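Single-structure report; data block below.
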Amino acid sequence: MKEQAQNQRRLIGVALFLLLLFSFLIVQFFRLQIVQHEKWDKQALSQHTGVVMEPYKRGVFYANTDLKPGHPTKKVPLVIDVPKFHLFVDPQSIPAEYKEELAGLLETALGERGDREAILTHLQKKSRSRKLAMWLPLTAKEEIHQWWLPFAKERKIARNGVFFVKDYQRSYPYGKMLGQVLHTVRDVRDEKTHQSIPTGGLEYMLNDYLQGKPGKRLYYRSPRNAIEGGRIIEEPQNGADVYLTINHCLQAIVEEELEKQVKKTESKRGWGVMMDPYTGEVLALGQYPFFSPKECRHFYNDPEMEGETQVKAVTEPYEPGSTMKALTMAIGLMANQEQEKQGLPPVFDPKEKVGTLPTHFPGRKTPIKDVSRHKYMNMYIALQKSSNVYMAKVIDRVIETLGEKWYRDALTNVFGFGQKTGIELPAESSGLVPTPGKLHPNGTLEWSRPTPYSLAMGHNILVNTFQMLRSFAIFANGGFDVQPRLVKKIARELPDGEEEMLHEIKQVEQKRLVDPAIVEEIVKGMKFVTKFGGGARKADIYGFTEAGKTSTSEKIIDGKYSKTEHISTFIGFAPVEHPRFVLIVVMDEPAFKYVPGVGGNQYGGNCAAPAFRRIGLKTLEYLGVEPDDPFGYPKGDPRYDPDKADWKKEADALRELHKEWNK
């Protein structure tokens, strides 16, 4: 009995132990499967799976193809994202005895990008991921896979020992076209956000729209599962697309003609901007020397070339010189209207005979004189001959009657000088309009007694190209305000194919800045500039009417006006009635020399005007505009008819008047 009781106790003990053990297993099972499920699930996933970034496409830039009514429009991309691949190795999955051999094979496969010692160094690291090469094309990836997969299988190495990560790289279907405006992004993304890093231009200004959001792809860590496979667990979001006002055909015309003219005039550089004077849409913005986004590193590694990555039309303020004279005359006519409101006599009469011999003005040590000596002029002759004396005399009357403040306010409030235009490009210069009572950094007054006379001729004021373009657009569109812009709309394509509008410019009624009667008089004066006797006959677009103004301004070098280095420009628009464009051509530092049969190479009428003519003619032909001056051709051309050619009789009459006054 005693032995039986002991056996029973032993059985009970074993049973209790088994029960306790089973209970412990149940508790442990509950803890692992229920309480700590998420922890162990993550650990298992981390051991057997991996997550890689699923790239997004950065937004596309599209050209403006809506300029020709009746023509079908299509999307023309100026910048796109193309798929490329980054090559990685997983050093821990490569057995030591194969690393030397693999390094040699990879060096051969990568060609110029391959460095055996560098690859071997990566393979020796205790890491699961080392980047060997970036931005490889699909062909390179396929070639490496062709020998790597058999190599790995034969040696029982996981196929992901060498793997690729997909990405998108900026590509430029039109090469260098619009390079300074578009710019590019760096090869290396931001390590934390995986976002592209813009280098400048529209890529920088519109980065918040262009950038997308990367997704995530889950893959299984096994010899049979490639990293490129797996499933997307978070969809990437592509960036928004930007629809520009730039027309790719007009851009090509402007760039081609700028290159020709810069080389012909031996200029340091040149740029040109074409804009719709009614909407402010920039149709073309070219600059030479060109900046190729693909060669971004070359430009930024060369101090002499780095400056060519900037849009000079925005960043480079300059003294406008004689192009300001059209605005000076408009301000004089505005002063007449102001006097009329007060019941006072006008400041000047555009037809008045005004003496234009060298003249002393208050505050100036030397007299103001013209390039060529003239005794008398009226406003039309003064614009045609680009008279300094006439402009100074008109402004002298303006400030004597209305004051210097009124004059300055007209420059800033009507024509917008001293203020940024708001064009969608970085580093726009606001220029400089002298302010009474304010000191320059050197301690001298910005505005002194002779300042108004300098301003009348386009000196002692700094402007950027877009400010001048806007000012002439006011004359071209009949006197209305206009806002230069490069973007028509920004939209994102949704997964269902619908378009999400993020930004769109809508036309609003523009404010009138200049009375139409004044505009008519200024345009009339500028039409004489391109005719016989004017300073820009080489800007005459045969078969069409045009109006404009030249300038040849001395650059300030080391605080002094240079006699050999100039900024030479021509600004104009065509046709005169309902212009299709306003265009400025700028030649920076053309060679200072005399050209037989031409004259001074540096003058705007010789070095900038010819490019205006060629660009203007090609543009009007591309747009399908019918000639509005079908008889306005040079003598000897069968189409020429002096009795029917536009502005021929008016130009002849003005020339006779000039002869009569200057015998």
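The values are calculated or read from the model by the stated rules, or taken from the named source; none is laboratory data. Bear in mind the structure is a predicted one, so any value in this text is a computation, not a measurement. Methodologically, a virtual Cβ is constructed for each residue, glycine included, from the backbone with ideal geometry; neighbour enumeration extends over all protein chains shown.
Among residues belonging to the stretch 140-176 that are of a type outside the set (Lys, Arg) and under 30 Å from residue 288 (Cα atoms), point out the one that is farthest from the chain's Cα centre (by Cα). Lay out the reasoning, then the answer.
Within the stretch 140-176, the first condition is being of a type outside the set (Lys, Arg), and the residues that meet it are 140, 142-152, 154, 157-158, 160-165, 167-169, 171-175.
From what is left, the residues that are under 30 Å from residue 288 (Cα atoms) are 168-169, 171-175.
Values: 168: 23, 169: 20, 171: 17, 172: 15, 173: 17, 174: 15, 175: 15 Å.
Taking the candidates together, the pick is 168.
Quick one: count up the residues across the stretch 401-417 that are assigned to a loop (DSSP other than H, G, I, E, B) and either more than 14 Å from residue 451 (Cβ to Cβ) or touching a residue at least 60 places away in the same chain (Cβ under 8 Å) (or both).
First pass over the stretch 401-417, keeping only residues assigned to a loop (DSSP other than H, G, I, E, B): 402-403, 415-417.
So of that shortlist, the ones also either more than 14 Å from residue 451 (Cβ to Cβ) or touching a residue at least 60 places away in the same chain (Cβ under 8 Å) (or both) come out as 402, 415-416.
So the count comes out to 3.
Restricting to the stretch 428-456, what's the tally of residues that are small (Gly, Ala, Ser) and closer than 20 Å to residue 368 by Cβ? Write out each step before concluding.
Kept after step one, since they are small (Gly, Ala, Ser), are these residues of the stretch 428-456: 429-431, 437, 443, 448, 454, 456.
Now drop any that are not closer than 20 Å to residue 368 by Cβ, which leaves 448, 454, 456.
Residues meeting the conditions: 3.
Quick grid of which residues meet (1) farther than 24 Å from residue 658 by Cα; (2) touching a Ser or Thr at 6+ places or on another chain (Cβ under 7 Å); (3) surrounded by 12 or more Cβ atoms within 10 Å (Cβ to Cβ):
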position: 306; (1), (2), (3): yes, no, yes
position: 313; (1), (2), (3): yes, yes, yes
position: 319; (1), (2), (3): yes, yes, yes
position: 326; (1), (2), (3): no, no, yes
position: 329; (1), (2), (3): no, no, yes
position: 350; (1), (2), (3): no, no, yes
position: 359; (1), (2), (3): no, no, yes
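If you go through the stretch 593-615 and pick out every residue that is part of a helix (DSSP H, G or I) and not small (Gly, Ala, Ser), you end up with 7.
Between 87, 110, 102, the distinction of being outside any strand (DSSP E or B) and within 39 Å of the chain's Cα centre (by Cα) belongs to 110 only.
Any residue at all in the stretch 503-511 that's surrounded by fewer than 16 Cβ atoms within 10 Å (Cβ to Cβ), outside the structural domain of residue 413 (by TED's automatic domain parsing) and over 27 Å from residue 581 (Cα atoms)? No; the residues of the stretch 503-511 include none that is surrounded by fewer than 16 Cβ atoms within 10 Å (Cβ to Cβ), outside the structural domain of residue 413 (by TED's automatic domain parsing) and over 27 Å from residue 581 (Cα atoms).
Of all the residues in the stretch 174-199, those that are at negative phi and either in a loop (DSSP other than H, G, I, E, B) or among the polar types (S, T, N, Q) (or both) number 17.
Can you spot a residue in the stretch 139-162 that is touching a strand residue (DSSP E or B) at 6+ places or on another chain (Cβ under 6 Å), in contact (Cβ under 8 Å) with a residue 60 or more places away in the chain, of a type in the set (A, V, I, L, M) and within 30 Å of residue 182 (Cβ to Cβ)? Among the residues of the stretch 139-162, not one is touching a strand residue (DSSP E or B) at 6+ places or on another chain (Cβ under 6 Å), in contact (Cβ under 8 Å) with a residue 60 or more places away in the chain, of a type in the set (A, V, I, L, M) and within 30 Å of residue 182 (Cβ to Cβ), which makes the answer no. When the stretch 431-477 is filtered for residues that are of a type in the set (A, V, I, L, M) and without any contact (Cβ under 8 Å) to a residue 12 or more places away in the chain, the ones remaining, listed by number, are 439, 445.
Results for (1) part of a helix (DSSP H, G or I); (2) out of contact with any strand residue (DSSP E or B) (no Cβ under 7 Å at 6 or more places or on another chain); (3) under 22 Å from residue 513 (Cα atoms), shown as yes or no for each residue.
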position: 326; (1), (2), (3): yes, no, yes
position: 330; (1), (2), (3): yes, yes, yes
position: 339; (1), (2), (3): yes, yes, yes
position: 349; (1), (2), (3): no, yes, yes
position: 357; (1), (2), (3): no, yes, no
position: 363; (1), (2), (3): no, yes, no
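Checked across the stretch 515-522, the condition of being surrounded by fewer than 21 Cβ atoms within 10 Å (Cβ to Cβ), part of a strand (DSSP E or B), touching a residue at least 40 places away in the same chain (Cβ under 8 Å) and in contact with a helix residue (DSSP H, G or I) (Cβ under 7 Å, 6 or more places away or on another chain) holds for no residue. Scanning the stretch 313-332 for residues that are within 16 Å of the chain's Cα centre (by Cα) and either of a type in the set (A, V, I, L, M) or outside the structural domain of residue 584 (by TED's automatic domain parsing) (or both) yields 313, 314. Just wondering, is there one or more residues in the stretch 155-175 that are aliphatic (A, V, I, L, M), surrounded by fewer than 17 Cβ atoms within 10 Å (Cβ to Cβ) and either assigned by TED's automatic domain parsing to the domain that holds residue 80 or more than 30 Å from residue 428 (Cα to Cα) (or both)? No: zero hits. Select from the stretch 498-514 the residues that are in a loop (DSSP other than H, G, I, E, B) and farther than 21 Å from residue 486 by Cα and list them in ascending order. Across the stretch 498-514, the qualifying residues are 498, 513, 514.
I need a count of the residues in the stretch 453-469 that are in a strand (DSSP E or B) and surrounded by fewer than 24 Cβ atoms within 10 Å (Cβ to Cβ).
Of the residues in the stretch 453-469, the ones in a strand (DSSP E or B) are 462-463.
After this cut, where a residue has to be surrounded by fewer than 24 Cβ atoms within 10 Å (Cβ to Cβ) as well, the list is 462.
Total satisfying the criteria: 1.
On the basis of being hydroxyl-bearing (Ser, Thr, Tyr) and farther than 29 Å from residue 464 by Cβ, does residue 412 make the cut? Talk me through it step by step, then tell me what you get.
Working: hydroxyl-bearing (Ser, Thr, Tyr): yes; farther than 29 Å from residue 464 by Cβ: no.
Here the answer is no, as residue 412 does not meet what is asked.
Residue-by-condition table, conditions (1) of a type in the set (Ser, Thr, Tyr); (2) at pLDDT 95 or above:
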site: 503; (1), (2): no, no
site: 507; (1), (2): no, no
site: 531; (1), (2): no, yes
site: 544; (1), (2): no, yes
site: 548; (1), (2): no, yes
site: 558; (1), (2): no, no
site: 561; (1), (2): yes, no
site: 565; (1), (2): no, yes
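Residue count for the stretch 227-251 under the criterion of being buried (at least 17 other Cβ atoms within 10 Å of the Cβ) and either modelled with pLDDT under 80 or part of a strand (DSSP E or B) (or both): the result is 6. None of 384, 419 is in the same structural domain as residue 275 (by TED's automatic domain parsing), within 29 Å of residue 356 (Cβ to Cβ) and either touching a Gly at 6+ places or on another chain (Cβ under 8 Å) or not hydroxyl-bearing (Ser, Thr, Tyr) (or both) except 384.
Taking the listed residues 543, 548, 478, the one that is in the same structural domain as residue 329 (by TED's automatic domain parsing), closer than 27 Å to residue 346 by Cβ and in a loop (DSSP other than H, G, I, E, B) is 478, with no other qualifying.
Here is a yes/no grid of residues against (1) in a helix (DSSP H, G or I); (2) more than 27 Å from the chain's Cα centre (by Cα); (3) buried (at least 21 other Cβ atoms within 10 Å of the Cβ):
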site: 582; (1), (2), (3): no, no, yes
site: 617; (1), (2), (3): yes, no, no
site: 630; (1), (2), (3): no, yes, no
site: 639; (1), (2), (3): no, yes, no
site: 643; (1), (2), (3): no, yes, no
site: 656; (1), (2), (3): yes, yes, no
site: 663; (1), (2), (3): no, yes, no
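Inside the stretch 422-432, can you point out the residues that are aliphatic (A, V, I, L, M) and either closer than 28 Å to residue 332 by Cβ or outside the structural domain of residue 328 (by TED's automatic domain parsing) (or both)? I'd like the intermediate steps shown before the answer.
Our first condition is that a residue be aliphatic (A, V, I, L, M); within the stretch 422-432, this holds for 423, 425, 427, 432.
Answer for the stretch 422-432, where residues must be aliphatic (A, V, I, L, M) and either closer than 28 Å to residue 332 by Cβ or outside the structural domain of residue 328 (by TED's automatic domain parsing) (or both): just 432.
Out of (1) under 30 Å from residue 362 (Cβ atoms); (2) modelled with pLDDT under 95, what's the single condition that is false for residue 492? (1) is the only condition that residue 492 fails.
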